[in-house]
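Asker: For reference, the structure I am asking about is given below.
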Amino acid sequence: MTDVAGGRDDLEATTGSATALLRTVVGNVLRPIGGWMSAAGAVRLMDALGVPAATARSSLARLCARGVLRREPRGGGAGYALEPAAIPMLERGDARIFGERAEAQAWCLLSFSFPERRRSSRDRLRRRLAALGCGTVADGLWIAPAALEDEVAATAREIAAEAEIVLFADAAPRGDLAAGLARWYDLLSIRQAHEVFLSHFADASAPSDDEQAFALWMRALDEWRVIPYRDPGLPASALPGDWPGAASAALFRRLRHDLEGRAIAHAAAVAAGMPSSDRTVGVAR
């Protein structure tokens, strides 16, 4: 699919760009503050993240085109509202990003075979499976923790015909799972994602200024949000003893506790277009 819905649920999005940061703002703070922000407020929120006004406006237009936001003026001023159809996508992201990180006890496998004339669909399915957190057993055989079965099945059925796929559920490993994970997943890349997150935020302390707290939380969340997809609950018993996943997850939980409530309070004031002297000071959760 290449329609609006496909662009909305952008599992292959990277982090750090202006549009990625805006998606993070929309996903985390726009819903709690009522799902609307003034155009000027949106630009100010992005300015706190170091994004120039012109770039922020381009990113707003891009998310409108992708069906995440819609233009909605209020009170005579321009503004942007969350597109209702985007809410299920954001809720799926919440479950992965903020949910309990349970280690895989069982696995599911997806076998697929496409005719050569459907090579583009085959390549698209591979990209989507990788983005979901699946590992590659063989060219047409992918594996994932059993908890991802519904997501894997929905993705496969979106792209492939029923005759092109077979899903195996509740598979239990027999043999050396550690050796298997090392073959199926790019463990070096996943380790580096955890370690980079730790290096960027391990020494971060909650700023006294709410705008700085907002900026710190948005950047931490934007960087973290891809990690639970790349490391979708790989069991610690089958990973190296110095695996940094538990430490990075604990750091993320601390940052959320210290910063998320203040970030939402700050965004509520700015998005509504309130002057800085009238802003309510947020409190940490």
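The values are calculated or read from the model by the stated rules, or taken from the named source; none is laboratory data. It should be emphasised that the depicted structure is a prediction, and the values quoted were computed from it without experimental measurement. Counting neighbours? That spans all protein chains shown, and the Cβs are built from the backbone with ideal geometry, glycine included.
Asker: Is it the case that some residue within the stretch 187-199 is of a type outside the set (Asp, Glu), at pLDDT 95 or above and not in a helix (DSSP H, G or I)?
Answerer: Applying the first criterion (of a type outside the set (Asp, Glu)) to the stretch 187-199 yields 187-194, 196-199.
In the following step, the residues that additionally are at pLDDT 95 or above were identified as 187-194, 196-199.
Those still in the list that are not in a helix (DSSP H, G or I) too: none.
No, the stretch 187-199 contains no residue that is of a type outside the set (Asp, Glu), at pLDDT 95 or above and not in a helix (DSSP H, G or I).
Asker: Then there is this: What pairs come up if the first residue lies in the stretch 125-141 and is in contact (Cβ under 8 Å) with a residue 40 or more places away in the chain and of a type outside the set (A, V, I, L, M, F, W, C), the second is surrounded by 16 or more Cβ atoms within 10 Å (Cβ to Cβ) and part of a loop (DSSP other than H, G, I, E, B), and their beta carbons are under 7 Å apart, counting only those six or more places apart or on different chains?
Answerer: Arg128/Leu11; Gly133/Pro232; Gly135/Tyr185
Asker: Within the stretch 106-152, can you find the residues that are of a type in the set (S, T, N, Q) and touching a Gly at 6+ places or on another chain (Cβ under 9 Å)? Give the steps one after another, and end with the answer.
Answerer: Taking the stretch 106-152 as the starting set, the residues that turn out to be of a type in the set (S, T, N, Q) are 111, 113, 120-121, 136.
Residues satisfying the conditions are Ser111, Ser113.
Asker: Okay, moving on. Is there a residue being of a type in the set (Asp, Glu), within 30 Å of Thr15 (Cα to Cα) and out of contact with any strand residue (DSSP E or B) (no Cβ under 8 Å at 6 or more places or on another chain) anywhere in the stretch 121-144?
Answerer: As a first pass, look at the stretch 121-144 and keep what is of a type in the set (Asp, Glu): 123, 139.
Checking which are within 30 Å of Thr15 (Cα to Cα) leaves us with 123, 139.
Within this subset, residues satisfying the condition of being out of contact with any strand residue (DSSP E or B) (no Cβ under 8 Å at 6 or more places or on another chain) are 123, 139.
Yes, the conditions are met somewhere in the stretch 121-144.
Asker: Residue check: is Pro145 in contact with a Phe, Trp or Tyr (Cβ under 9 Å, 6 or more places away or on another chain) and at pLDDT 95 or above? Break it down stepwise before answering.
Answerer: Details: in contact with a Phe, Trp or Tyr (Cβ under 9 Å, 6 or more places away or on another chain): yes; at pLDDT 95 or above: yes.
Answer is yes for this residue.
Asker: Under 19 Å from the mean Cα position of the chain (by Cα) and among the basic types (Lys, Arg): which single residue out of Arg219, Arg157 fits that description? If you could, list the steps in order and put the result at the bottom.
Answerer: Values: Arg157 fails: under 19 Å from the mean Cα position of the chain (by Cα).
Going through Arg219, Arg157 in turn, the sole match is Arg219.
Asker: Of the residues in the stretch 112-124, how many are over 21 Å from Asp231 (Cα atoms) and not in a loop (DSSP other than H, G, I, E, B)?
Answerer: Step one: filter the stretch 112-124 for residues over 21 Å from Asp231 (Cα atoms), giving 112-123.
Narrowing the set further to residues that are not in a loop (DSSP other than H, G, I, E, B) leaves 112, 116-123.
Total satisfying the criteria: 9.
Asker: Can you pull out the residues in the stretch 63-93 that are of a type in the set (D, E, K, R) and either modelled with pLDDT of 95 or more or surrounded by 18 or more Cβ atoms within 10 Å (Cβ to Cβ) (or both)? Walk me through how you get there before you give the answer.
Answerer: From the stretch 63-93, those of a type in the set (D, E, K, R) are 66, 70-72, 74, 83, 91-92; that's our starting set.
Answer for the stretch 63-93, where residues must be of a type in the set (D, E, K, R) and either modelled with pLDDT of 95 or more or surrounded by 18 or more Cβ atoms within 10 Å (Cβ to Cβ) (or both): Arg66, Arg70, Arg71, Glu72, Glu83.
Asker: Further question on the same structure: Collect the residues in the stretch 190-213 that are in contact with a Lys or Arg (Cβ under 7 Å, 6 or more places away or on another chain) and either over 28 Å from Ala156 (Cα atoms) or among the hydroxyl-bearing types (Ser, Thr, Tyr) (or both), keeping them in residue-number order. Spell out the reasoning first.
Answerer: In the first step, residues of the stretch 190-213 are kept if they are in contact with a Lys or Arg (Cβ under 7 Å, 6 or more places away or on another chain); the result is 190, 193, 210, 213.
Asp210, Ala213, listed by residue number.
Asker: Is it the case that the stretch 149-161 has a residue that's exposed (fewer than 14 other Cβ atoms within 10 Å of the Cβ) and in contact with a Leu (Cβ under 6 Å, 6 or more places away or on another chain)?
Answerer: Looking through the stretch 149-161, none of the residues is exposed (fewer than 14 other Cβ atoms within 10 Å of the Cβ) and in contact with a Leu (Cβ under 6 Å, 6 or more places away or on another chain).
Asker: Right, here's the next one. When the residues of the stretch 137-148 are filtered to those that are touching a helix residue (DSSP H, G or I) at 6+ places or on another chain (Cβ under 8 Å) and farther than 18 Å from Ser120 by Cα, which remaining residue is surrounded by the fewest Cβ atoms within 10 Å (Cβ to Cβ)?
Answerer: Taking the candidates together, the pick is Val137.
Asker: Follow-up. On the basis of being more than 30 Å from Ile264 (Cα to Cα), among the charged types (D, E, K, R) and surrounded by fewer than 18 Cβ atoms within 10 Å (Cβ to Cβ), does Arg122 make the cut?
Answerer: Values: more than 30 Å from Ile264 (Cα to Cα): yes; among the charged types (D, E, K, R): yes; surrounded by fewer than 18 Cβ atoms within 10 Å (Cβ to Cβ): no.
Taking the combined requirement at face value, the residue does not satisfy it.
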